[in-house]
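Below is one structure, written out as C-alpha cells, with a few remarks after it.
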Amino acid sequence: TLGLFGIGWIVDSIHYFIVALKGNANILNNNVPLPIVQSNLVLSDGETCHYYGPAVYVKTKNVVVGYSGGHVGASIRVAKGMSIRTSSTKAAPIRGDVQERTNGVLSITNKRVVFSANKGAFDKKISALTAITPYSNGLAFQFGDNQYPLECTKPEYVYQILARVINSSDDISEGNL
C-alpha cells in the first residue's frame with residue numbers, strides 16, 4: 001500500500017535499508033523469522049539449522065610447567081683419587097594453567113547444539129541446556145555439570161539465536177503456537 005500518499009512506503013523503505021546496512025537485525029524480534037542455514041549436520045525430521053559458523057573450544061588445564069628447588073652437597077677427599085660425596089636434591093613442581101585450543105564448527109538447530117571438532121566435540125539437546133554464559137569473545141554452554149567454553153566471531157548473535165530457539169521450543173511445549 002502507499003499509505004498516507006506514499007509516506008508509509010518511504011518510511012518502510014528507509015527502515016528496510018537501515019536493517020540491510022546493519023547486517024544481522026535484532027533476531028530477538030519475533031516478527032523476524034529465524035535464519036535457516038546450510039550445515040554439515042545430519043538433521044532429523046522437523047529439524048532446521050539456524051546457525052553454522054567457526055568456533056574454538058578452549059579447555060584450561062592445570063599442569064606442571066617446571067620445577068623449583070636446588071641441589072646441596074659436599075665432597076670429602078679421603079685419598080688420592082678417592083672421595084666421599086653426600087648430596088641432597090629438593091625439587092618442587094610448579095603448576096600453571098595452560099589453555100588447549102581446538103578449532104571446529106558450531107551449529108545450532110531447533111533441537112540441538114553441536115560443536116564438530118577433532119577434540120572437545122559435543123552434540124547436546126537444547127532441552128538438556130542448563131545455562132549459557134556470554135562473554136565478549138564467546139559463550140560457555142553448561143549441560144549438567146559439564147561446561148563447554150567456545151570462542152566465536154559473533155557471540156551476541158549466537159546468543160540471540162539460541163534465546164529465540166529456546167523461547168520457541170517453550171511455546172511449542174506449552175501449546176502456544
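The label-point distance for Ile94 and Ala117, in a model that sets each label 7 Å from Cα toward Cβ, rounds to 2.8 nm. Applying 1/(1 + (r/R0)^6) with R0 = 45 Å to the Cβ-Cβ distance of Val64 and Ile36, what FRET efficiency is obtained, to the nearest 0.05? Here the calculated transfer efficiency is 0.40.
Highest mean first, the peptides 62-70, 121-129 sorted by other C-beta atoms within 10 Å per residue fall in the order 121-129, 62-70. Probing with 1.4 Å while keeping every protein chain in the model, the per residue accessible area of segment 84-129 equals 64 Å². Inter-label distance, Ile132 to Ala79: 8.3 nm, where each label sits 7 Å from its Cα along the C-beta direction.
How much length is gained on full extension from Val105 to Val72, taking 0.36 nm per residue of separation minus their Cα-Cα distance? Mind showing how you got there, number by number?
Working: separation 33, 0.36 × 33 = 11.88 nm, distance 5.34 nm.
Separation in residues times 0.36 nm, less the Cα-Cα distance, equals 6.5 nm.
Placing unit charges on the Cβ atoms of the charged side chains and taking the dipole of segment 58-173 about its Cα centre, the candidate lying farthest along the positive direction among Ser75, Ile132, Thr60 is Ser75. For segment 42-157, rounded, prolate or oblate, judged on the Cα gyration tensor with a ≥ b ≥ c (square roots of eigenvalues), a/c < 1.5 rounded, else prolate if a/b > b/c? Prolate. Can you give the FRET efficiency to the nearest 0.05 for Asp145 and Ile166, using r as the Cβ-Cβ distance and R₀ = 25 Å? The calculated FRET efficiency here is 0.80.
The values are calculated or read from the model by the stated rules, or taken from the named source; none is laboratory data. From a predicted model like this one, the values you see are computed outputs, not experimental measurements. FYI the Cβ positions are ideal-geometry reconstructions off the backbone, even for glycines, and counts take in every protein chain you see. What goes into the accessible areas is simple: the full protein's heavy atoms, side chains included, and nothing from ligands, DNA or RNA. Shrake-Rupley method; radii C 1.70, N 1.55, O 1.52, S 1.80 Å.
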